[in-house]
Amino acid sequence: MAVSQVGEESPLAVSRERAWYIVHCYAGSEHKVKHSLEQRIASLGMQRKIFNIVVPEEEEIELREGKKRPVRRRIYPGYILVEMIMDEDSWAVVRFTPGVTGFVGMGNQPTPLRPEEVQAIFKRMESKAPRIRVTFKPGQKVRITEGPFADFVGIVDEIDLDKAKVRVLVSFFGRETPVELDFTQVEKI
């Protein structure tokens, strides 16, 4: 039985196929890491092994003070996707990029994403209708900003994200009455 020397065998499985890998980086610095990695790929001539870098984001509409604001939100904060052929050189280029803390996988072994996982992420990123993000929650007090109940204060009873509606319980003639409104018709107090 032969005993291997330290550094003789690599725990990294070498692949000759392109695959997408998840790379962990510092949260909030995903775009900076992407830019740094693109520069390292160009300067080290790794374009034939590292192909695409993606920060998974989606379009959201944020409602603040009764106004709609489009914003880009990271789907997975602290992670980027890298399409590459995994070998020692390409692993080292990605792993030793400033801001990268490692690959997602078992131990030192990066695990490639399955094609259906990659498709699901890209499908979510390419969604035509932006998601609506609200700043109020059930049980919270809100002010109605427009419509027949303008300036009434009520309590959020239910939120329907699919229809972009909120049901607010308003005290009307001494008893609570449910009123269904658009997200843009209420503001958090």
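Every number here is computed from the coordinates shown, using simple stated rules; none is lab data. Since we're looking at a predicted model, the values are computed, not measured. Cβ atoms come from the backbone with ideal geometry, glycine included; neighbour counts cover every protein chain shown.
Figures for the structure shown
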item: GNM flexibility winner over the chain from F122, F149, F103 (Cα, springs under 10 Å); result: F149
item: Part-to-part distance (alpha-carbon centres) for region 141-189 and region 16-70, which is given in Å; result: 39 Å
item: Additional length obtainable on full extension of the chain from K163 to R69, 0.36 nm per residue less Cα span; result: 32.0 nm
item: FRET efficiency, S29 to T111 (Cβ-Cβ, R0 22 Å, nearest 0.05); result: 0.45
item: Between 0 and 90°, nearest 10: helix 30-44 axis offset from the chain longest Cα axis; result: 20 degrees
item: Length gained when the stretch R131-R16 is fully extended (0.36 nm per residue, less Cα-Cα span); result: 37.6 nm
item: Candidate aspartates and glutamates - alpha carbon under 20 Å from K49, same-chain residues fewer than 8 apart omitted; result: E17, E38, E83, D87, E88, D89
item: Calculated [θ] (222 nm, deg cm²/dmol) that DSSP helices of n ≥ 4 give over the chain, each run adding -39,500 (n - 2.57); result: -5500 deg cm²/dmol
item: For the chain, convex hull volume per residue from C-alpha positions, Å³; result: 169 Å³
item: Angle between the chain longest axis and helix 115-125 axis [Cα atoms, degrees, rounded to 10]; result: 40 degrees
